[in-house]
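Asks: Take a look at the following structure, please.
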Amino acid sequence: MTTAPETVGRPTGPAPTVPATPVAEPVVVTDRLTKRYGKRTVVDALSLEVRRGEVFGFLGPNGAGKTTTLRMLLGLVRPTSGSATVLGRPAGTSVAEVGALVEGPGLYPYLSGRDNLRVLARYAGVGAGRIDAVLDTVDLTDRAGDRFGTYSLGMKQRLGIAAALLKDPALVVLDEPTNGLDPAGISEVRGLLRRLAGEGRTVVLSSHLLGEVEHLCDRVAVVASGRLLVESTVEDLRGLGRLVVDARPLDTAAAVAVRLLGPDRVSVVDGALHLQTSPGETAAVNRALVLADVDVTGLRQEARTLEEVFLQLTDGDADLPPDAAPARRTRRGDR
Amino acid sequence: MSAATAVAGLPVRTSGSLPSIVRAELLKLGRRPATWVLLGLWPALQLVFSLLIPYISYRRGSSFEGIPPEQVLATTLPDRLVGNALSGLPLFGGALLLTLGALLAGSEYGWGTLKTLLAQGPRRTTVLAGQVLALLTVLAGTVAFSLALTAGASALIAGAEGAPADWPGLGELARGFGGGLLVAATWGVLGMLLGTALRGTALAIGLGLVWVLAVESLVVNVAAPLLEVFDTLQRALPGVNAGSLVAALAGGTVRTPGVVAVVDGAQAAWVLGAFLAGAIALTGLLLVRRDLS
Ligand SMILES: Nc1ncnc2c1ncn2[C@@H]1O[C@H](COP(=O)(O)OP(=O)(O)O)[C@@H](O)[C@H]1O
Ligand SMILES: [Mg+2]
């Protein structure tokens, strides 16, 4: 299947980044995956691909259908139509090789952290030796004897991730792993995710907060109302940045730009030329303008944050809390 | 195994075996305070009502429910072991075990732990099999404990009063144990069915208790004597069959509420077996067919 973004033009010219080459085999493939609850289509003909070894961000506002999609990948929810393949097998049959944390850490409050992992290790059929290893990975060894019910939110989340790692899975699926955490908790989880990615695992990470994941992900898919808006690398998404050009005469400059880039990528805003370009195209634009005898007095690349891209793509139906103010919680004895 | 090797280089891992899952479930049961409370209450109440209260009333020389003291003492002696150890099962034991089953199955939804278990890779039917087998294991332990506790107390009473200690034969004991386990398992699994069907604990426990303590007794005591259709219907109720089976196992008269021989023992065992199998099958069907969201 092709993964060309629908609403975002891939910049022409040399690719601004070097994606993993050669393109790794797909670990997750969904083909027009659809879930309807009654008359509501919650996931709508979703086709995407996650490649081996990448950190894949699955982004979208609350209610976009991210969790439902991940549940289908794990075989917890049956698709209404379409299909999903995980690790080369129909979704749900390969759960044994996938580590997952979906919609919060579901663990037993009356059991200690270690006993929770003991139960799950027996379910997974892995030796008890893995328990100490994953406790160490999530930095919970010291508190492993305490009841899960007494953990802070951040510790609960980390134990949930530990549970997902018990099988030493090639694919780790984490649904909003930073949801509800305070800044310190978020940075703990983020560090953990970096480590997982560094270990060469494929990580699928969902979030409604772009800032959470943009520095972690190789590629992202953005969904809203169950539909795929774009699937691309983070750089390509950000590469939709604006080149703002101050030039005289403006109409000549606009004509040159249109000839170079096409009308869709050129607009005039507040007496300046706004061009949709990738950073690599700046020099070519400048040269063309100067050759056409246009005075260029200002030329600046406005790299948009992914937040902006996201907001534009999801077009206001996003229910986005500001990235800067994540939900605050009191941290009871975290660490 | 072509599917397993579809992606070259990815190690194929399998999920836990059934025995391993049973051990996981036993760990959960053993560490859960509610298990000990609910399973401990039944033998404790059993001891108080079948032995302690009758014995105290005998010691005070008063008659118990209109029965002269010597006959009251006779009801506490070792030859009545099976009845005295199991008589609570049809009613309050049933209520406790139904609550336990509903709690076990329902809380997996409330805590979101069922999806965590399934995410480790086992088939849904394997999860259910593991949970049922673990429940049967602790129920067998509890039935055995009730028999042992009652035996110990009866032996003490017989010793103290110089009364004969005529123990039931091994066959009678085995039948008592098997029958008790059948009744206990039926209640426990019916509770699991309720907890699974309602995906939670509160409503499942509430409905289960109303059924055991109120609805069945209304059908048996109010409706059945008045209308023939209810007289037929009551023979199909789990509580009535549990009471009939325990009455058959106990042999002599047992005055515990709920222990009434409405049908004969063999028929009661079959009906309970059908309830047990049906409840497991229906729970499995719900587990396999429904989305986990
Ligand atoms: N079992 C269900 N029945 C009906 N609607 C559901 C069910 N599960 C999810 N939904 C709906 O599907 C939509 C997408 O939910 P979800 O996948 O949880 O979104 P996200 O994870 O992106 O926030 C939501 O509007 C939610 O209410
Ligand atoms: Mg979600």
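Asks: Checking the structure you have, find out if any residue of the range A:220-230 is in contact (Cβ under 8 Å) with a residue 40 or more places away in the chain, in the same structural domain as A:Leu135 (by TED's automatic domain parsing), open to solvent by 30 Å² or more (accessible area, probe 1.4 Å) and away from ligand 1 (no atom under 14 Å from the Cβ).
Replies: no
Asks: Right, something else. Yes or no: A:Gly149 within 16 Å of ligand 2 (Cβ to nearest atom), open to solvent by less than 40 Å² (accessible area, probe 1.4 Å), within 30 Å of B:Leu18 (Cβ to Cβ) and touching a Pro at 6+ places or on another chain (Cβ under 7 Å)?
Replies: Judged against the criteria, A:Gly149 is not a match.
Asks: Further, regarding this structure: Look through B:Gln120, B:Gln234 and report the one residue that is crowded, with 17+ Cβ neighbours inside 10 Å, closer than 22 Å to B:Leu91 by Cβ and polar (S, T, N, Q).
Replies: After applying the criteria, what remains is B:Gln234.
Asks: From the list B:Val48, B:Val22, B:Val72, B:Val82, pick out the single residue that is free of Cβ contacts under 8 Å to residues at least 12 places away in the same chain and in a helix (DSSP H, G or I).
Replies: When all the criteria are applied, what remains is B:Val48.
Asks: Could you figure out which of (1) of a type in the set (Phe, Trp, Tyr); (2) within 22 Å of A:Glu231 (Cα to Cα); (3) in contact with a helix residue (DSSP H, G or I) (Cβ under 8 Å, 6 or more places away or on another chain) isn't true of A:Phe56?
Replies: Every condition holds for A:Phe56 apart from (3).
Asks: Now for a different question. Looking at the structure I just gave you, is A:Arg36 surrounded by fewer than 24 Cβ atoms within 10 Å (Cβ to Cβ), in contact (Cβ under 8 Å) with a residue 40 or more places away in the chain, more than 13 Å from ligand 2 (Cβ to nearest atom) and within 14 Å of another protein chain (Cβ to nearest Cβ)?
Replies: Taking the combined requirement at face value, the residue satisfies it.
Asks: Output the number of the condition that A:Thr69 fails; it satisfies all remaining conditions of (1) under 30 Å from A:Asp132 (Cα atoms); (2) within 16 Å of ligand 1 (Cβ to nearest atom); (3) surrounded by 24 or more Cβ atoms within 10 Å (Cβ to Cβ).
Replies: Of everything listed in (1) under 30 Å from A:Asp132 (Cα atoms); (2) within 16 Å of ligand 1 (Cβ to nearest atom); (3) surrounded by 24 or more Cβ atoms within 10 Å (Cβ to Cβ), A:Thr69 misses just condition (1).
Asks: Continuing with the same structure: Would the range A:163-170 turn up any residue that is modelled with pLDDT of 90 or more, within 16 Å of ligand 2 (Cβ to nearest atom) and surrounded by fewer than 24 Cβ atoms within 10 Å (Cβ to Cβ)?
Replies: There is no residue in the range A:163-170 that is modelled with pLDDT of 90 or more, within 16 Å of ligand 2 (Cβ to nearest atom) and surrounded by fewer than 24 Cβ atoms within 10 Å (Cβ to Cβ).
Asks: Then there is this: Inspect the range A:275-282 for any residue being over 30 Å from A:Gly60 (Cα atoms) and out of contact with any helix residue (DSSP H, G or I) (no Cβ under 6 Å at 6 or more places or on another chain) and give the result as yes or no.
Replies: Scanning the range A:275-282 turns up at least one residue that is over 30 Å from A:Gly60 (Cα atoms) and out of contact with any helix residue (DSSP H, G or I) (no Cβ under 6 Å at 6 or more places or on another chain).
Asks: Out of A:Thr202, A:Thr150, which single residue is under 22 Å from the mean Cα position of the chain (by Cα), in the same structural domain as A:Glu231 (by TED's automatic domain parsing), more than 16 Å from ligand 1 (Cβ to nearest atom) and of a type in the set (Ser, Thr, Tyr)? Before the answer, list the steps.
Replies: On the way: A:Thr150 fails: under 22 Å from the mean Cα position of the chain (by Cα).
So the residue among A:Thr202, A:Thr150 that is under 22 Å from the mean Cα position of the chain (by Cα), in the same structural domain as A:Glu231 (by TED's automatic domain parsing), more than 16 Å from ligand 1 (Cβ to nearest atom) and of a type in the set (Ser, Thr, Tyr) is A:Thr202.
Asks: Follow-up. Within the range A:219-229, work out how many residues are away from ligand 2 (no atom under 15 Å from the Cβ) and at pLDDT 90 or above.
Replies: Here the count works out to 4.
Asks: If you take the residues of the range A:47-66 that are within 13 Å of ligand 1 (Cβ to nearest atom) and assigned to a loop (DSSP other than H, G, I, E, B), which of them is nearest to the other protein chains (Cβ to nearest Cβ)?
Replies: Among them, the one singled out is A:Gly65.
Asks: If you don't mind, another one. Name the single residue, out of those in the range B:247-274 being over 20 Å from B:Thr232 (Cα atoms) and at pLDDT 85 or above, that is surrounded by the fewest Cβ atoms within 10 Å (Cβ to Cβ).
Replies: Applying the filter and picking the extreme gives B:Ala250.
Asks: What number of residues within the range A:256-286 are open to solvent by 50 Å² or more (accessible area, probe 1.4 Å) and in a helix (DSSP H, G or I)?
Replies: Within the range A:256-286, residues that are open to solvent by 50 Å² or more (accessible area, probe 1.4 Å) and in a helix (DSSP H, G or I) number 10.
Asks: Every residue in the range A:83-107 that is away from ligand 1 (no atom under 15 Å from the Cβ), open to solvent by 10 Å² or more (accessible area, probe 1.4 Å) and either among the acidic types (Asp, Glu) or in a strand (DSSP E or B) (or both), please.
Replies: A:Ser83, A:Thr85, A:Arg89, A:Pro90, A:Glu97
Asks: Okay, moving on. With the requirement that a residue be within 16 Å of ligand 2 (Cβ to nearest atom), open to solvent by less than 30 Å² (accessible area, probe 1.4 Å) and out of contact with any Leu (no Cβ under 9 Å at 6 or more places or on another chain), what does the range A:39-66 give you?
Replies: Residues satisfying the conditions are A:Val42, A:Ala64.
Asks: Now for a separate question. With A:Asp142, A:Asp115, A:Asp44, A:Asp31 as the choices, which residue is more than 8 Å from chain B (Cβ to nearest Cβ) and outside any strand (DSSP E or B)?
Replies: Exactly one of A:Asp142, A:Asp115, A:Asp44, A:Asp31 is more than 8 Å from chain B (Cβ to nearest Cβ) and outside any strand (DSSP E or B), namely A:Asp142.
Asks: Still on this structure: B:Gly169 versus (1) out of contact with any Phe, Trp or Tyr (no Cβ under 6 Å at 6 or more places or on another chain); (2) more than 16 Å from B:Ser146 (Cα to Cα); (3) buried (at least 17 other Cβ atoms within 10 Å of the Cβ): which is the lone unmet condition?
Replies: The one condition B:Gly169 does not meet is (3).
The values are calculated or read from the model by the stated rules, or taken from the named source; none is laboratory data. The shown structure was predicted, so the numbers you read here are calculated from the model rather than taken from an experiment. FYI the Cβ positions are ideal-geometry reconstructions off the backbone, even for glycines, and counts take in every protein chain you see. Accessible surface areas use protein heavy atoms only, side chains included; no ligands, DNA or RNA. Shrake-Rupley method; radii C 1.70, N 1.55, O 1.52, S 1.80 Å.
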